[in-house]
1. All but one of (1) modelled with pLDDT of 95 or more; (2) of a type outside the set (Gly, Ala, Ser); (3) within 23 Å of residue 239 (Cβ to Cβ); (4) open to solvent by 10 Å² or more (accessible area, probe 1.4 Å) hold for residue 403, so report the exception by its number.
2. Within the group 375, 360, which residue is in contact with a Lys or Arg (Cβ under 9 Å, 6 or more places away or on another chain), open to solvent by less than 10 Å² (accessible area, probe 1.4 Å) and not small (Gly, Ala, Ser)?
3. Quick check on this structure: which one of 457, 450 is open to solvent by less than 90 Å² (accessible area, probe 1.4 Å), in contact with a Leu (Cβ under 6 Å, 6 or more places away or on another chain) and not β-branched (Val, Ile, Thr)?
4. Go through the range 123-160 and report how many residues are in contact (Cβ under 8 Å) with a residue 12 or more places away in the chain, part of a loop (DSSP other than H, G, I, E, B) and more than 41 Å from the chain's Cα centre (by Cα).
5. Exactly one of these conditions fails for residue 328: (1) open to solvent by less than 40 Å² (accessible area, probe 1.4 Å); (2) modelled with pLDDT of 95 or more. Give me its number.
6. Sort out which residues of the range 236-254 are in contact with a strand residue (DSSP E or B) (Cβ under 6 Å, 6 or more places away or on another chain) and either assigned to a loop (DSSP other than H, G, I, E, B) or among the small types (Gly, Ala, Ser) (or both), and write them in order of number.
7. When only residues in the range 380-399 that are in contact with a Leu (Cβ under 7 Å, 6 or more places away or on another chain) and open to solvent by less than 30 Å² (accessible area, probe 1.4 Å) count, which is nearest to residue 287 (Cα to Cα)?
Amino acid sequence: MAFFMDPGAMFLGCLGPSEQKFLVTLIETAAKSGYTRFVEPCAGTFAMANLAVQNGFKPEQIETSDVNMMSTVLGYAITGQSLEPLEIHAQGFSDEELLDPATALYAQLYLRTSKNAGNDYFYQILTDLRLRRDEHIESINRQIEVIKNLLGGMSYRPLDMWEHLKEVLDDPHALVIANPPTYFSGYEKFYDTQGKMTWKEPPYELFDPETGHQQFYDLCMDAKALVICYQEKRAGEAVGYTIYARSGTRADLNAYITTNREEEATALANGKKIKRPAESKLQPLDCSMLPRDYEIKEDSKVQVIPIKSAEAQYYRELWTHNFVGSSATFNRALLIDGYVAGVFGISKMAADSVFVWYVMKVPHKTYRLGRLCYMLAQNRDFVDTLLDNIEQEKVTKMRTAMLTRYPENKEVRGIMKLVNRVEDKKNGYKLTYEAELVEGRTEQQTLQEWLRRENEWQKNRAKASSKSKDAK
């Protein structure tokens with residue numbers, strides 16, 4: 001029994017031949033289209049790095065990472081790094097022996113097999129590993145040499161996927177292909193030695209496929225990098241833009257390859273070399289902006305209309321500083337009495353929800369117009385205009401995410417519920433909000449409800465201000 005059945009088998013990863021064939025064309029065309037950085041977090045056995053180096057990327061352009069010991073020992077062996085900083089200890093092996101990558105990998109294989117030694121099948125394997133120890137270590141050494149010849153020159157770090165992503169997502173020349181675990185704690189269970197082998201494990205967050213893919217695309221959808229993600233989901237539950245699907249991977253699950261930029265990834269996968277488009281020519285709508293002091297009444301006419309991406313970007317750049325263009329499938333404008341009052345963008349990202357990517361509004365002296373945009377986007381009648389019949393049955397929620405210096409965002413208070421708060425080193429907090437869709441509420445009724453809340457908010461602010469002055 002060898003570490004892998006043959007040197008090439010280790011590169012199969014979790015992807016089947018048809019998935020790999022699909023990605024080969026995408027990777028090859030990307031390398032010809034100006035992508036100069038290939039990133040494989042959750043590297044596992046470096047399946048994607050192998051595809052990349054065989055299809056146009058140089059090893060020096062490839063960076064990989066993972067948090068399990070097997071990948072790290074192999075990654076260090078490929079990149080010529082000493083294992084000493086990993087502080088590996090294993091029952092029955094000296095620390096000096098474990099500085100040799102092949103011996104360390106053998107020890108991990110032997111000790112994780114030993115936990116099942118009560119089963120006759122695993123007992124026979126364990127006996128073979130023990131009796132032919134030198135042969136197995138030599139076999140592993142040969143396979144490491146094959147891998148080094150293929151991937152020598154790439155970089156590897158023991159690093160959490162989320163940390164690696166934060167480093168690369170702002171690079172428009174980066175192609176990121178991630179294969180996060182398809183089982184919760186799957187890697188931990190597979191490589192478990194019941195404490196017989198330890199190492200200096202990097203800090204990381206366990207990936208739960210039930211929620212992790214939505215978290216992944218909350219982070220990656222707006223990235224400048226092109227991001228590809230493999231996932232196994234039930235029909236209709238893939239997260240992100242699906243560009244490939246195959247039925248029946250296991251039980252009732254299907255294989256999906258998803259992305260943050262559908263048109264570009266599809267073109268690359270079809271072998272079409274892409275040229276990054278120049279910045280869109282920004283253009284306003286054929287109507288005026290809402291005056292900063294305009295009085296909005298209960299009988300004011302409110303409309304939500306489809307607009308082009310270039311039209312949305314025009315107002316977003318006009319109304320905000322440090323503008324960063326994010327992509328949305330559907331761009332909409334809010335009109336009040338024929339004036340442009342705001343723009344917002346929505347995508348279908350998960351089986352049960354739509355996702356609001358941005359809301360920008362006229363800087364008004366009195367009203368919080370962003371709240372009106374969120375309320376209109378929350379209406380079931382509006383959401384149904386974006387979905388097909390099957391999606392309409394499944395979608396029940398609206399979600400959004402925000403980067404902020406504060407642990408709460410007041411703009412959506414009372415409209416949406418905070419469901420996740422994560423500290424962000426650069427921005428303070430990453431907040432995720434969620435709300436059930438509102439059934440049967442018209443645009444005009446939404447305006448009236450929003451006005452009622454705004455008037456109540458203004459009165460409360462006035463009372464608070466008055467009390468503050470009296471206290472002084």
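1. The number of the failed condition is (1).
2. Numbers: 360 fails: open to solvent by less than 10 Å² (accessible area, probe 1.4 Å).
Among 375, 360, only 375 is in contact with a Lys or Arg (Cβ under 9 Å, 6 or more places away or on another chain), open to solvent by less than 10 Å² (accessible area, probe 1.4 Å) and not small (Gly, Ala, Ser).
3. 450
4. Qualifying residue count, the range 123-160: 0.
5. So the condition that residue 328 fails would be (2).
6. Passing the criteria: 238, 239, 240, 245, 247.
7. In this case the residue turns out to be 382.
Results for (1) touching a Cys at 6+ places or on another chain (Cβ under 8 Å); (2) part of a loop (DSSP other than H, G, I, E, B); (3) crowded, with 20+ Cβ neighbours inside 10 Å, shown as yes or no for each residue.
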| site | (1), (2), (3) |
| --- | --- |
| 256 | no, no, yes |
| 263 | no, no, no |
| 267 | no, no, no |
| 284 | no, yes, no |
| 295 | no, yes, no |
| 314 | no, no, yes |
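The values are calculated or read from the model by the stated rules, or taken from the named source; none is laboratory data. Fair warning: this is a prediction, and the values are worked out from it, not measured in the lab. Heads up, the Cβs are rebuilt from the backbone with ideal geometry, glycines too, and the neighbour counts pull from every protein chain shown. Note: accessible area is taken over every heavy atom of the protein model, side chains too, but ligands, DNA and RNA are not part of it. Shrake-Rupley method; radii C 1.70, N 1.55, O 1.52, S 1.80 Å.
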